[in-house]
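Okay, so here's the structure we're looking at.
Read the figures in this text as sums done on the coordinates, not as results from a lab. What you are looking at is a predicted structure, and each value in this text was computed from that prediction instead of being measured. Positions of Cβ are backbone-derived with ideal geometry, glycine not excepted, and every protein chain shown enters the neighbour counts.
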Amino acid sequence: MATGLLALLDDITSILDDVSAMTKVAAGKTAGVLGDDLALNAQQVAEVRADRELPVVWAVAKGSALNKAILVPAALAISAFAPWLVTPLLMVGGAYLCFEGVEKLLHPWLHGVAPGPHAPPPSEDERTKVRAAVRTDFVLSAEIIVITLGTVADRPLTTQIGVMIGIAALMTAGVYGLVAGIVRLDDIGLYLSRFPGGARRWLGRAILAMAPYLMRTLSVVGTAAMFLVGGGILTHGFPGAHEAIDHLAKPAADVSLLGGVFGPVAVLAANGIAGVLAGATALGMQRGVRAVLTALGIGIVRNVARH
């Protein structure tokens, strides 16, 4: 009995070691998407009232945790029974990210509401921001989960489950912990600036001066990330598109000394352009379908009224 218990403990230790090692590998492969996730989520909550920033971050973090709770078993099930579905589902998510990006850029013209009696109440606007952030998180989380699953595809099921749960937990805690810190930077700077002198006072003033520019930068980076991530997913999903982009970017990659920079930048730019075009197409289709449904609805109402 003692020998069996020791063997069981040895198996558990081996599994935990394997999970730990593969979690480090998966974390490295998903770091780029995590950076986009951080920028996007910081941008999503940047315009909330100061006293509501942390509650909003907490609400989005809970939504993100629920997303992971759905995505981890779903990804395992799809990879086991319908692996061909992974790419189409990711492409739908990528198209949605591009759509959200274009809608954000065109929001002042599409939904422009001047402050006043017709502006949405703060609570409604807050709920809208939370829902939008959770939807965006779902797409980015799906990509991270799929990358993680690909990293551990040849490992035992127990290792796959452990690594995916570990990455999901680390991603949620890390991203939203950093988002909470970013949106409260001004408070941190104000606290430090009240010290009577020295490095802490200087650091506090520097943070206060930097915070507005950081938030503006995150807003731009977050919107760009929608197109870069969404466009990247779509170009990888369409047969031949990624190869064509690599071919077009080859002259930039061949530039002496700076080819290692120009090449990836050219690929990113191509993915971004593809994302903008895909988002504009999706937005046009959405508004066209809405117009048709509205016209049909008006026609049906008029017919009913006549009879």
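A few points about this structure:
- Local net charge near residue 235, Cβ-Cβ under 11 Å (Lys/Arg +1, Asp/Glu -1): -2
- Taking each residue as 0.36 nm, the span from residue 236 to residue 170 lengthens on full extension beyond its C-alpha to C-alpha distance by 21.1 nm.
- Most to least packed among 58-64, 186-192 [average Cβ atoms within 10 Å]: 58-64, 186-192
- Among 283-289, 196-202, 221-227, 136-142, sorting by the average number of other beta carbon atoms lying within 10 angstrom of each residue, highest first, gives 136-142, 221-227, 283-289, 196-202.
- Counting 0.36 nm for each residue step from residue 243 to residue 285 and taking away their Cα separation leaves a gain of 12.4 nm.
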